[in-house]
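Undergrad: Next up is a structure, given as structure tokens.
The values are calculated or read from the model by the stated rules, or taken from the named source; none is laboratory data. Bear in mind that the values here come from a model prediction, so they are computed numbers and not experimental data. A quick note on method: Cβ atoms are made from the backbone with ideal geometry, for glycine too, and the neighbour counts reach across all protein chains shown.
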Amino acid sequence: MMNKRWILLTIVGLLAGLSSLAHSAIVSTFDNDAEGWLIVQVQSGYGLPVTGGRSSTWSATYGLIGGGIETEDWYAETFFSAPAKFLGNQSPAFGTDLQFDIYISYADNAAYPAVILHSSAKNLFYTVNPTPVDVWTHRDIPLVGSDLWRTGSWNGASATDADMREVLSDLQGLYINAEWHTGADLTYLDDVVLNGAPPVCGDALHPHPVADLNGDCRVNWLDAAAFAAQWARTDCTPDNHHCDGADLDVDGGVDLSDLMVMATEWLKCTDIVCP
């Protein structure tokens, strides 16, 4: 008879898999490169379609944490432009948030469109007050109809849920404003998430630490206890999940080399909120 514990783990795994399918977030963390994001020009008055198109500048130190992209004031209205993986039929994103972190260096203290969504049928503009200067700001932009979303132009009629669904079903452009000042601009962007189901331990931005044996995105006494229960085993294989994960260096046994990995990982936390 299958151990009840494995039955529970199997059920939890299946549920997690279904959840992942239901909320397949599209993410750009910019950890290694610019991930295909471009810098484009939106016409005066925020008219579309965009023109221009140049590679964004990436650096391992530009982001909120680690890599990010940046742009100067290249055009009349300069925007970051999302790559193809963010486009197409994004209907599942309705009701979730578009999330990103942004850092601007100059501002006019006036409201501008922070995001433009472009489809073949219509355009939606999300207008906000100025982003604070010289500090990273996190944006959670609800992908539903509201007075903050405008249709047709940045000061057009309020967008409805139907408008949002229509645009998301045929998303041909996702643009994030990089120009908040009539003079010089220098803007940084990091961690863009579309179809942003509420962040959870184990998602793309919160991966499990290597020594997280109990799957809570923290390495603490619970993991140490699980590790100790497997100590000195020499039969670790994929069939037994490498001794329930305690074979941290995957060499077939739980020994001092794994203990060193546990020590290196000790108190590491990648959860949504960490102590």
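Undergrad: Looking only at segment 132-149, which residues are in a strand (DSSP E or B) and either at pLDDT below 95 or not assigned by TED's automatic domain parsing to the domain that holds G47 (or both)?
TA: V133, T137, H138, R139, D140, I141, P142, S146, D147, L148
Undergrad: I'd like the residue in segment 63-90 that is exposed (fewer than 14 other Cβ atoms within 10 Å of the Cβ) and part of a helix (DSSP H, G or I) and, out of all such residues, is farthest from the chain's Cα centre (by Cα).
TA: Top of the filtered list is A84.
Undergrad: Right, next: Condition check: in contact with a helix residue (DSSP H, G or I) (Cβ under 8 Å, 6 or more places away or on another chain) and at positive phi. Does G215 satisfy that?
TA: It is false that G215 is in contact with a helix residue (DSSP H, G or I) (Cβ under 8 Å, 6 or more places away or on another chain) and at positive phi.
Undergrad: Please work out which residue is surrounded by the most Cβ atoms within 10 Å (Cβ to Cβ), limiting yourself to segment 250-264 and to residues that are among the aliphatic types (A, V, I, L, M), more than 32 Å from the chain's Cα centre (by Cα) and not in a loop (DSSP other than H, G, I, E, B).
TA: Taking the candidates together, the pick is L259.
Undergrad: Answer with yes or no whether H206 is surrounded by fewer than 18 Cβ atoms within 10 Å (Cβ to Cβ), more than 22 Å from the chain's Cα centre (by Cα) and either modelled with pLDDT under 95 or in a helix (DSSP H, G or I) (or both).
TA: So H206 does not fit the description; no.
Undergrad: Another question, then. Output the residues belonging to segment 149-197 that are over 23 Å from T96 (Cβ atoms) and touching a residue at least 60 places away in the same chain (Cβ under 8 Å).
TA: Scanning segment 149-197 gives S153, A178, E179, W180, H181, T182, G183, A184, D185, L186, T187, Y188.
Undergrad: Would segment 36-49 turn up any residue that is within 15 Å of the chain's Cα centre (by Cα), assigned to a loop (DSSP other than H, G, I, E, B), at pLDDT below 95 and closer than 21 Å to Y188 by Cβ?
TA: For segment 36-49, residues within 15 Å of the chain's Cα centre (by Cα), assigned to a loop (DSSP other than H, G, I, E, B), at pLDDT below 95 and closer than 21 Å to Y188 by Cβ: absent.
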